Each structure stands twice: as C-alpha cells, then as structure tokens.
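The values are calculated or read from the model by the stated rules, or taken from the named source; none is laboratory data. Nothing here was measured: the structure is a model prediction, and the numbers come from that model. For neighbour counting, all protein chains shown are included, and Cβ atoms are generated from backbone atoms with ideal geometry for every residue, glycine included.
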Amino acid sequence: MTEIEPLAGRHAVVTGAAGGIGSAIVRSLLAQGAIVHGLDRDLAGQRRLAAEVNAAGRFVPHEIDLSDRPGTDRTVAELTSALAGRCDILVNSAGVSRLRSFAETDDALLDFLLAVNFVGAFRVTRALLPALKASSCATIVNVASELALVGQAAYTAYCGTKGAVLAWSRALAVELASDGIRVNAVCPGPIDTAMLSAEFAGSDAPLEARRAEIASIPLGRLGTSSDVAAVIAFLASDAAKFVTGAAWSVDGGKTSR
C-alpha cells in the first residue's frame, strides 16, 4: 500500500530557505508531498539544496533580500504569479542574530534585525494574504525563538524582534480565523546551526559557551534543524487543524526551568 503524503499537492512558501532551519523545513515539506517555493538572499545555496533534494521541480528557488523593501515587493509579486494565486502554507523562517550589548546596539543594527526578523515576515505575509485566502487549508507558521519568551543579555534587539513575531502571530491568528487561516509560532531553543556556531565563536570562550548552553537544556543536547522542521510540518498539516494562535517551544525543555 502506498503511503499517503499529508501535504501532497499543497503549495508552500518558505523564507530563509537556504539556512540551517529553513533548508530542513524545505526538506520536510517536500518529503510530505508539498510543492515548495524558497525565498532567500542566498540563491546559490538554494540551488545547491534543489540539486540535493532532487524533487523533480517541486522546489523552486527565488532570490530575496528582506531588508530591501522594493526588491522584496518585486520578488513577491513574481512569486504570486508563479503560485497562480494560491498559497496553502507560508513559513516565515528567515532570521538573523547579532551579539551586541544594548548600549552598543546602533540604529543600523536595530533596523537590520527588525527588517529581516519581523518587518520582512509581516510584509511577505501581507502580500501573500489574497493567495492564502484562496486556499481551503491555509496555514502560516512563524519562526520566533525561545528569546521571545525569556530574556538574555547581549540579545536585546534580537529578543525584541522575536517577541514582536510572537505577539503578531497571536493577533494574526485571531484576525484570520474567520478566513479559515491558521497561524502559529514556533520558538526554537539552541539549535545546532551555523548561526549558533557563529554566536559561540563570537564569545570569549567558544568551547565553554557551547558546554554551558548544553548544560542549560534538560534534554542534555542542542536541538537539530530537523527537530524544528518536524514540528512545523505537523502544524502545516491537517493533523493540527484545530491548532491556531499557539507558541510551540522546541527547546529541549530549556524555557521550562
């Protein structure tokens, strides 16, 4: 008996598709039968991913820089045309992080983090809203962070942007419920990606920083991108059809302490 793919034929859009978590999301959605359009400023990385997944044209890369508003508008307009007016799944996964004390966080850094982590997601979602409304099973999953739930020194700007993502997700879930569109947020904890490794490398003692992070996690390990992608695939499926306005922590229990 052939196993039924839960997302077969559904059209998905994933921002940050070339990143550690984003690429895992793409792989997971493809594995469940979706047709995935990737959005990322790293077009070469997306093309490598396309070659790796070998999904017979079901993964379509698009180049986008969410901090460039006119460029974002052009790309999303092209994407909407490619989707033929229908989007079933939108995953806002693009994100950037920088270690910087509050006093040293200048306007340029604040604007950049806001543009990518929050404003970009807001604008892409707004542009795709008619296509989402045209779907009979539309769902939005926004990737926030454990730092939307707890504070951490040297991450004040990042915490602010991810907190905005979480609050926006909850409000959007209420507003779009009458349109049959579900909206949820996923809050990853420490995930073993290049971005986290760069944060460790930027500390005074990278190895000790990594060990301390692992020690803070009740399950005793860093998360993987696949851990996050599995939760997102579930939220995108009909198995979660009564789930909206929720914040899903994927952090090995860290924020439960």
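Data overview
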| quantity | calculated |
| --- | --- |
| Condition broken by Val174, with the remaining ones in (1) among the β-branched types (Val, Ile, Thr); (2) surrounded by 15 or more Cβ atoms within 10 Å (Cβ to Cβ); (3) assigned to a helix (DSSP H, G or I) satisfied | (2) |
| Any hit, the range 139-157, residues being within 19 Å of the chain's Cα centre (by Cα), farther than 28 Å from Ala108 by Cα and either crowded, with 20+ Cβ neighbours inside 10 Å or without any contact (Cβ under 8 Å) to a residue 60 or more places away in the chain (or both) | yes |
| Spans of helices (runs of 4 or more DSSP H) in the range 29-135 with at least 2 residues in contact (Cβ under 8 Å) with a residue 24 or more places away in the chain and within 24 Å of Ile191 (Cβ to Cβ) | 43-53, 107-114, 120-133 |
| The range 177-196, subset assigned to a helix (DSSP H, G or I) and touching a helix residue (DSSP H, G or I) at 6+ places or on another chain (Cβ under 7 Å), residue nearest to Lys241 (Cα to Cα) | Asp179 |
| Boolean, Phe242 is outside any helix (DSSP H, G or I) and modelled with pLDDT of 95 or more | yes |
| Only listed residue being under 26 Å from Thr105 (Cα atoms), assigned by TED's automatic domain parsing to the domain that holds Asp238 and either surrounded by fewer than 22 Cβ atoms within 10 Å (Cβ to Cβ) or free of Cβ contacts under 8 Å to residues at least 40 places away in the same chain (or both), chosen from Gly202, Gly180, Gly163 | Gly163 |
| Selection count where residues are in contact with a helix residue (DSSP H, G or I) (Cβ under 9 Å, 6 or more places away or on another chain) and surrounded by fewer than 23 Cβ atoms within 10 Å (Cβ to Cβ), scope the range 1-10 | 2 |
| Residue tally, condition loosely packed, with under 15 Cβ neighbours inside 10 Å and closer than 19 Å to His11 by Cβ, over the range 240-256 | 1 |
| Flag if Gly223 is out of contact with any helix residue (DSSP H, G or I) (no Cβ under 8 Å at 6 or more places or on another chain) and buried (at least 21 other Cβ atoms within 10 Å of the Cβ) | yes |
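Yes/no per residue for (1) surrounded by 22 or more Cβ atoms within 10 Å (Cβ to Cβ); (2) touching a helix residue (DSSP H, G or I) at 6+ places or on another chain (Cβ under 9 Å); (3) of a type in the set (A, V, I, L, M):
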site	(1), (2), (3)
His62	no, yes, no
Cys87	yes, yes, no
Ser93	yes, yes, no
Ala103	no, no, yes
Gly120	yes, yes, no
Ser136	no, no, no
